[in-house]
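Just so you know, all these numbers are worked out from the coordinates, no wet-lab data involved. Worth saying up front: this structure is predicted, and the values here are computed from it rather than measured. Please note: Cβ atoms are built from the backbone with ideal geometry, for glycine as well, and neighbour counts cover all protein chains shown.
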């Protein structure tokens, strides 16, 4: 049901599209040759963005897997470290306690390495990649709007221009 003064959704989206197209000063294009140059440049830009999109989609997928694996590895090391600390507290001084303390040192180092890798491949890195991917998708949308605007203007020009 449409209220008084409301614009139907389908009409509203075409109005929004026309507004976006009007953001470009395509009325200044005087020849079809100029339009073709711009369309060629836009097609190259779109191809580059499509490649970046594919690359970022693959990286995002890889980062998702790595993030989950690193989180699981870190939880395992933390649990093992906690158990080792409990064992150290219960052991009397001697070679067994020294071995357990060496093991604790190795586990702390392993934890450090995992935490360092998480900075590059963990949740934070995943979110940055997701942001990059969304930015590329928006750029692709804008290139499509630009192509549509130039194509519409080209249709308005006479063939001899």
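Where does helix 95-121 land angle-wise versus the long Cα axis of the chain, in degrees 0 to 90, nearest 10? That helix lies at roughly 0 degrees to the long axis.
Listed values (1) 50, 44, 26; (2) 60, 36, 28; (3) 96, 45, 18 include one computed from this model; for Cα extents along the principal axes in Å that value carries the label (3).
Take every Cα-Cα pair in the range 102-152 and report what % of them are more than 15 Å apart. In whole percent, the share of Cα-Cα pairs in the range 102-152 beyond 15 Å is 66. If R0 is 25 Å, the Cβ-Cβ spacing of residue 86 and residue 109 corresponds to a FRET efficiency of close to 0.80. For the chain, the mean residue ellipticity at 222 nm estimated from helices alone is -30500 deg cm²/dmol, where every DSSP H run of n ≥ 4 contributes -39500 (n - 2.57) and the total is divided by all residues, rounded to the nearest 500. In a fully extended conformation the segment linking residue 50 and residue 152 would gain 34.4 nm over its present Cα-Cα distance, using 0.36 nm per residue.
Rounded to the nearest 10 degrees, the angle from helix 32-90 to the longest Cα principal axis of the chain is 20 degrees. Using a Gaussian network model of the chain in which every pair of alpha carbons under 10 angstrom is joined by a spring, one finds that among 47, 125, 89 the greatest mean-square fluctuation is at 89.
Of all the options 91, 74, 39, the one that moves most in a Gaussian network model of the chain with Cα springs shorter than 10 angstrom is 91. Can you give the angle from 0 to 90° between the axis of helix 9-22 and the longest principal axis of the chain, with both taken from C-alpha atoms, to the nearest 10? Orientation of helix 9-22: about 80 degrees from the principal axis. In a Gaussian network model over the chain where Cα atoms closer than 10 Å are linked, find which of 102, 73, 56 has the largest mean-square fluctuation. Looking only at 102, 73, 56, the largest GNM fluctuation is found for 102.
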